[in-house]
Amino acid sequence: YALEVSADGIVLTSAGARGLFRGIQTLVQLRIQAPDLPCLRIADWPDLPFRGQHLTLGSGHMPTLPLFKDLIDTLALFKSNTLVLEYDDRFPFERHPVLANPDALSKDEIRELIAYAADRYIAIIPLLDSLGHAEHYLKHPGYRHLAELPGQTAELCPSNPATLAFIKELWSEILEVHAGCSHAHITGDEVFRLGGFCPACRPHAEAGRLGELYTRYYADLSRWILEQGRRPILWADMAARFPAALAGLPREVVMNDWYYLGMDAYRLSATQVWG
């Protein structure tokens with residue numbers, strides 16, 4: 001969009017409604033900073049296709065629907081176009097109701113939130129832990145048969161066919177509510193950290209083929225997500241650990257990288273490792 005403020009008035013131009021909306025957000029920001037608008041010219045456009053935030057709902061800080069809408073308004077003000085919602089146990093699963101936290105929004109409330117965000121040109125991408133970080137599932141006795149190791153709740157077993165069937169059931173409900181979403185974040189981070197493996201997975205570990213085990217599970221889930229008309233997103237740490245296994249994943253998979261300690265710490269670590 002292009003915005004011009006002069007003594008004669010305000011002119012905002014764009015090729016479409018999205019750009020006009022972004023320009024209005026800039027006007028709102030200017031009025032917040034200076035009630036008497038200065039004369040200026042702004043030509044603005046996005047450099048990144050995804051601009052937004054990732055919100056984890058299972059941390060104990062579950063927003064109400066009005067607070068969610070306030071967050072959407074704030075994201076819109078700063079030209080964000082994406083909100084990744086990590087549901088954990090804050091989704092109202094009907095086929096597995098014991099998993100749903102009482103603080104979860106209803107499905108109708110989630111649909112209302114998705115529509116509210118879409119009106120502000122923000123896409124909500126659902127995220128659900130689909131292998132590791134499985135505490136929200138495995139803490140319930142009825143799901144402990146899906147665990148990688150007895151008594152452990154951190155990881156589902158990728159060799160157990162019931163694991164993938166269970167995760168697909170959860171995703172089916174989420175994708176039904178997120179009917180218009182283009183992507184689905186299926187996680188995949190920080191697995192194989194228990195120091196041991198079930199009898200079915202142990203041969204892969206002993207033969208140094210954990211990458212194949214990981215890829216087999218996530219290739220199956222990714223292909224199923226693609227069949228539902230969404231593009232899967234995976235955290236990139238396991239792909240970085242097993243780069244040779246990448247060939248087994250559908251090429252449509254989007255790799256989502258991150259740095260625990262920020263870019264400065266990442267650069268320092270890379271310097272130490274690579275010189």
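Scanning segment 94-105 for residues being closer than 16 Å to P126 by Cα and either touching a Pro at 6+ places or on another chain (Cβ under 6 Å) or open to solvent by less than 10 Å² (accessible area, probe 1.4 Å) (or both) gives a total of 2. Taking residues in segment 110-129 that are closer than 17 Å to P63 by Cβ and touching a residue at least 40 places away in the same chain (Cβ under 8 Å), and partners anywhere that are open to solvent by less than 10 Å² (accessible area, probe 1.4 Å) and in a loop (DSSP other than H, G, I, E, B), the pairs with Cβ atoms closer than 6 Å and at least 6 places apart or on different chains are P126/H178. Of all the residues in segment 165-196, those that are in contact with an Asp or Glu (Cβ under 7 Å, 6 or more places away or on another chain) and either outside any helix (DSSP H, G or I) or closer than 24 Å to D257 by Cα (or both) number 5. Checked across segment 67-80, the condition of being among the β-branched types (V, I, T), free of Cβ contacts under 8 Å to residues at least 24 places away in the same chain and exposed (fewer than 12 other Cβ atoms within 10 Å of the Cβ) holds for at least one residue. Against the condition part of a helix (DSSP H, G or I), open to solvent by 80 Å² or more (accessible area, probe 1.4 Å) and either without any contact (Cβ under 8 Å) to a residue 24 or more places away in the chain or hydrophobic (A, V, I, L, M, F, W, C) (or both), how does A239 come out, does it pass? So A239 does not fit the description; no. Consider A117 carefully, then state whether it is over 29 Å from P158 (Cα atoms) and open to solvent by less than 50 Å² (accessible area, probe 1.4 Å). For A117, the condition - over 29 Å from P158 (Cα atoms) and open to solvent by less than 50 Å² (accessible area, probe 1.4 Å) - is met.
Residue-wise test of (1) modelled with pLDDT under 95; (2) closer than 18 Å to F21 by Cα; (3) among the polar types (S, T, N, Q).
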residue: G58; (1), (2), (3): yes, no, no
residue: H61; (1), (2), (3): yes, no, no
residue: D73; (1), (2), (3): no, yes, no
residue: F78; (1), (2), (3): yes, yes, no
residue: F93; (1), (2), (3): no, no, no
residue: I122; (1), (2), (3): no, yes, no
residue: S130; (1), (2), (3): no, no, yes
residue: A134; (1), (2), (3): no, no, no
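Scanning segment 1-48 for residues that are touching a strand residue (DSSP E or B) at 6+ places or on another chain (Cβ under 9 Å) and of a type outside the set (A, V, I, L, M, F, W, C) yields a count of 11. Selection within segment 197-234: residues that are part of a loop (DSSP other than H, G, I, E, B) and in contact with a strand residue (DSSP E or B) (Cβ under 9 Å, 6 or more places away or on another chain). The member of this set that is surrounded by the most Cβ atoms within 10 Å (Cβ to Cβ) is R230. If we keep just the residues of segment 6-37 that are in contact with a helix residue (DSSP H, G or I) (Cβ under 8 Å, 6 or more places away or on another chain) and farther than 24 Å from A118 by Cα, which is least open to solvent (accessible area, probe 1.4 Å)? Once the filter is applied, the top-ranked residue is L37. Consider segment 41-86 and keep the residues that are in a strand (DSSP E or B) and farther than 28 Å from A100 by Cα. The one that is farthest from the chain's Cα centre (by Cα) is R41. Residues that are surrounded by fewer than 21 Cβ atoms within 10 Å (Cβ to Cβ) and among the aliphatic types (A, V, I, L, M) were ranked within segment 129-157; the one that is nearest to the chain's Cα centre (by Cα) is A154. Among residues of segment 30-43 that are among the small types (G, A, S), those with a beta-carbon under 7 Å from a residue that is part of a strand (DSSP E or B) at least six positions away or on a different chain give the pairs A43/A2. For segment 180-196, which positions are open to solvent by 10 Å² or more (accessible area, probe 1.4 Å) and under 17 Å from T82 (Cβ atoms)? Scanning segment 180-196 gives G180, C181, S182, H183. Does L40 satisfy being in contact with a Gly (Cβ under 6 Å, 6 or more places away or on another chain), on the phi < 0 side of the Ramachandran plot and open to solvent by less than 50 Å² (accessible area, probe 1.4 Å)? So L40 fails the test.
The values are calculated or read from the model by the stated rules, or taken from the named source; none is laboratory data. Remember, predicted model here, so these are calculated numbers, not experimental data. FYI the Cβ positions are ideal-geometry reconstructions off the backbone, even for glycines, and counts take in every protein chain you see. The area values use the complete protein model at the heavy-atom level, side chains included, leaving out ligands, DNA and RNA. Shrake-Rupley method; radii C 1.70, N 1.55, O 1.52, S 1.80 Å.
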